[in-house]
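Student: Mind looking over this structure? Questions follow.
The values are calculated or read from the model by the stated rules, or taken from the named source; none is laboratory data. Keep in mind that what you see is a predicted model, and the values were worked out from it rather than measured. Note: ideal-geometry Cβ built from the backbone for every residue, glycine included; neighbour counts use all protein chains shown.
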Amino acid sequence: MPRRRVLDPEFWNDSELGAQHSDLRLLYEATWTEADDEGRLLYDVKRLHRLAFGYNKKVPIKRVESLLLCLIALKKLLPYSKNGKSCLFVKNFSSWQTINRPTPSKLPAPPADIFGVTEPSLSPHGGLTPKLREVKLIKVKLIEDKLIEVSSRFPIYKQISIEDLHSLEAEFPEISARQILGDLLAWERDKNKGKTQRPFVRLRNFFKTAEKDRLEKEAKGGKTKRGKYSGLEE
């Protein structure tokens, strides 16, 4: 059951969160109300989707999964698995929430080395196994590294955040963001020379072109070719 929580004014001074999409900040706030008095909650993607975006049909559950992974990558949420339950711990929860007469948690406590968890288990509520979470976090790091490479070569892409890429992956789930960033880098280097004035529109067009190519190849019973960046429009 959601609980009443306090929003500290210092929340707005968090530069990491401030650079992210408003959907991510809303989901983060939803984890506070969902967490118990010790800052623990089940890693339940469906429940958090319903809690934060129940009246917004434009936010699919895949996007919520991506947003949670982004919050984990930012170390705002700490995932762990214990006693057959996949859980999340809201980092620094007790620093931001003062609770009179707190109710003891019914969920298992997070381990001391919370990022070293490898115990395999699957939450019945839609959470990911620790191993799968670890793979996805590695994927997030690889995408971040590629985005840094693109933006350092062409500074206009500093406007693009990792959350923007997660939203595009949610919109085009069969397309690899890391591969698209590689294609984009090659295209900018060879053809456009960083002249794009609307970087997000350009990036989304790469996803759209890759998805169109994939569907055409799939219809013909073939495989999608990567690295195609012709015929793109702003």
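Student: Here is a list: GLN159, GLN197. Which entry is modelled with pLDDT of 80 or more and over 17 Å from LEU67 (Cα atoms)? Spell out how you get there, then give the answer.
Tutor: On the way: GLN197 fails: modelled with pLDDT of 80 or more.
Every option except GLN159 fails the conditions.
Student: A further question follows. Can you say whether GLU169 is in contact (Cβ under 8 Å) with a residue 12 or more places away in the chain and within 22 Å of SER22 (Cα to Cα), as far as the supplied structure shows?
Tutor: Details: in contact (Cβ under 8 Å) with a residue 12 or more places away in the chain: yes; within 22 Å of SER22 (Cα to Cα): yes.
In short, yes.
Student: Do any residues in segment 175-187 that are under 13 Å from THR209 (Cβ atoms) have Cβ atoms under 9 Å from those of residues that are of a type in the set (A, V, I, L, M, F, W, C) and at pLDDT below 85, where the two are at least six apart or on different chains, and which pairs are they?
Tutor: ILE175/LEU168; ILE180/LEU165; ILE180/LEU168; ILE180/PHE172; TRP187/LEU232
Student: Taking GLU216 as the residue in question, decide whether it is out of contact with any Gly (no Cβ under 8 Å at 6 or more places or on another chain), under 23 Å from ILE72 (Cβ atoms) and assigned to a helix (DSSP H, G or I). It would help to see each step written out before you state the result.
Tutor: Working: out of contact with any Gly (no Cβ under 8 Å at 6 or more places or on another chain): yes; under 23 Å from ILE72 (Cβ atoms): no; assigned to a helix (DSSP H, G or I): yes.
No: the conditions fail for GLU216.
Student: Which residues, counting only those in segment 139-176, are farther than 22 Å from LEU27 by Cα and aliphatic (A, V, I, L, M)?
Tutor: Of everything in segment 139-176, those that are farther than 22 Å from LEU27 by Cα and aliphatic (A, V, I, L, M) turn out to be LEU142, LEU147, ILE148, VAL150, ILE156, ILE175.
Student: Hey, another quick one. Six or more apart or on different chains, Cβ under 9 Å: which pairs go from a residue in segment 81-107 that's outside the structural domain of LYS46 (by TED's automatic domain parsing) to one that's assigned to a loop (DSSP other than H, G, I, E, B) and β-branched (Val, Ile, Thr)? Could you list them?
Tutor: Pairs that qualify, where the first residue is outside the structural domain of LYS46 (by TED's automatic domain parsing) and the partner is assigned to a loop (DSSP other than H, G, I, E, B) and β-branched (Val, Ile, Thr): there are none.
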